[in-house]
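Peer 1: Got a structure here, written out as structure tokens. Questions coming.
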Amino acid sequence: MNILEQINNSFEYLRKLEKKVADLVLASPKNTIHLRIATLVKLANVSETTVKRLCRKMETKGFPDFKLRLTQSLLHGTSYVSRLLNPDDTVISHRQKIFESTIAELGIVKDNLNTTRINRAIDLLTQVKKIAFFGLASPAAYTNIYMPMVLRLAQLTLIDVLATGFILRRRQNFRDNLKRVKDILHDTYPDKL
């Protein structure tokens, strides 16, 4: 049995705080393998002892061994059924689970962003005379297979980070011009903005 199946099978027997860690691992096993224990502790809002206790319950020798077994599960292509959702969930229940999972994943993305590279990207953006944005229209079903919603949210959030940095570095005149453009667009498309 791989570690993801082991977590799923033992979930109901875990303590409340251990379940918080297990939820994060099950929601995002690929991201978990790149985390330090301190980051996982912060994301789950638990103590380091709780993470270590979960690792012991999963019969690993600590967090590094836990991540190794998790990586092995992912490398062997083992599919798993997330315990987050089940067919009997109510709308309120699955809404809560999806939002909590997405927030946790976005937290992982935020904590792993390279600030130096973001700063460099903003520097490069402020040096160009013209920026053009292009979108790729694709059917939602195709996109959902290859890019989970949380990754699309992470990409949009990163674009917001870059755009905000760009606007802040261009100073007040640029912000005033941007506001005028937005006001014009609002007059043209009041129900869209």
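Peer 1: What is the list of residues in region 150-169 whose amide nitrogen lies under 15 Å from a point 7 angstrom out from the Cα of LEU113, following Cα to Cβ?
Peer 2: 151-169
Peer 1: Can I ask one more? Excluding ligands and nucleic acids, what accessible area in Å² is computed for PHE174 using a 1.4 Å probe, to the nearest 10?
Peer 2: 60
The values are calculated or read from the model by the stated rules, or taken from the named source; none is laboratory data. Not measured: the values here are computed from a predicted model. Positions of Cβ are generated from backbone atoms using ideal geometry, with glycine treated the same way; all protein chains shown enter the neighbour counts. In case anyone asks, the SASA skips ligands and DNA or RNA and just uses the protein heavy atoms, side chains included. Shrake-Rupley method; radii C 1.70, N 1.55, O 1.52, S 1.80 Å.
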